[in-house]
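**Student:** Starting off with a structure, shown below.
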């Protein structure tokens, strides 16, 4: 798990830090946000998949929605049941302003792309990705790409999908 924090988290997200697993001292996948945990569990259930919590990425980033407060982003991955190889990655944006519920978009999947980094700016979010090229085996994307989303009308719209 990678946690990067810039600025101050919105008050609603202040409890988002991971708790340590009691005996092992290993970070737990569970946050103190019931909303986030329910969102992830719901996506996994809807797709008949399970979450790969070790791939979560949390970011308290710049003010994406332009209200003067930091917003919270999380990338999470669900994969096929019982360790099957299929996986889908989602970007969830918890904005400090409107809309009240998180905005969720599919950001990648096996055979297409795997998001590996997040950057935000007012009005948008970009994801650096590893893209699957036609000659790549399903285990190992070798291309580099970038997805750019624009926040508009309470939705994240894909603005650009480019190779780097």
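**Student:** Go through 25, 80 for me and flag whichever is out of contact with any helix residue (DSSP H, G or I) (no Cβ under 9 Å at 6 or more places or on another chain), at pLDDT below 70 and farther than 30 Å from residue 121 by Cβ.
**Tutor:** 25
**Student:** Name the residue that is nearest to the chain's Cα centre (by Cα), counting only residues in the stretch 95-123 that are within 21 Å of residue 43 (Cα to Cα) and assigned to a loop (DSSP other than H, G, I, E, B).
**Tutor:** By that ranking, first place goes to 102.
**Student:** Can you spot a residue in the stretch 106-113 that is within 20 Å of residue 51 (Cβ to Cβ), in contact with a helix residue (DSSP H, G or I) (Cβ under 9 Å, 6 or more places away or on another chain) and surrounded by fewer than 20 Cβ atoms within 10 Å (Cβ to Cβ)?
**Tutor:** Looking through the stretch 106-113, none of the residues is within 20 Å of residue 51 (Cβ to Cβ), in contact with a helix residue (DSSP H, G or I) (Cβ under 9 Å, 6 or more places away or on another chain) and surrounded by fewer than 20 Cβ atoms within 10 Å (Cβ to Cβ).
**Student:** Residue under question is residue 89, and the condition is that it be in a strand (DSSP E or B), at pLDDT 85 or above, surrounded by 18 or more Cβ atoms within 10 Å (Cβ to Cβ) and touching a helix residue (DSSP H, G or I) at 6+ places or on another chain (Cβ under 8 Å); does it hold?
**Tutor:** Details: in a strand (DSSP E or B): yes; at pLDDT 85 or above: yes; surrounded by 18 or more Cβ atoms within 10 Å (Cβ to Cβ): yes; touching a helix residue (DSSP H, G or I) at 6+ places or on another chain (Cβ under 8 Å): yes.
Yes.
**Student:** When the residues of the stretch 127-153 are filtered to those that are outside any strand (DSSP E or B) and touching a strand residue (DSSP E or B) at 6+ places or on another chain (Cβ under 7 Å), which remaining residue is farthest from residue 79 (Cα to Cα)? Can you show your working first?
**Tutor:** Keep residues of the stretch 127-153 that are outside any strand (DSSP E or B), which gives 132-142, 153.
With touching a strand residue (DSSP E or B) at 6+ places or on another chain (Cβ under 7 Å) added as a condition, the list becomes 132-133, 141.
On the way: 132: 17, 133: 21, 141: 17 Å.
If we take residues in the stretch 127-153 being outside any strand (DSSP E or B) and touching a strand residue (DSSP E or B) at 6+ places or on another chain (Cβ under 7 Å), then 133 is farthest from residue 79 (Cα to Cα).
**Student:** Could you check the stretch 125-160 and list, in sequence order, the residues that are under 30 Å from residue 66 (Cβ atoms) and loosely packed, with under 13 Cβ neighbours inside 10 Å?
**Tutor:** Passing the criteria: 152, 153, 155, 157, 158, 160.
**Student:** Give me the pairs, please: first residue somewhere in the stretch 62-79 and on the phi > 0 side of the Ramachandran plot, second residue anywhere and at pLDDT below 85 and assigned to a loop (DSSP other than H, G, I, E, B), beta-carbon distance under 6 Å, and either six or more positions apart or on two chains.
**Tutor:** Pairs that qualify, where the first residue is on the phi > 0 side of the Ramachandran plot and the partner is at pLDDT below 85 and assigned to a loop (DSSP other than H, G, I, E, B), are 66/122.
**Student:** Then there is this: Is one or more of the residues making up the stretch 112-130 without any contact (Cβ under 8 Å) to a residue 60 or more places away in the chain and at positive phi?
**Tutor:** Yes, that holds for at least one residue.
The values are calculated or read from the model by the stated rules, or taken from the named source; none is laboratory data. Source: prediction; values computed, not measured. Note: ideal-geometry Cβ built from the backbone for every residue, glycine included; neighbour counts use all protein chains shown.
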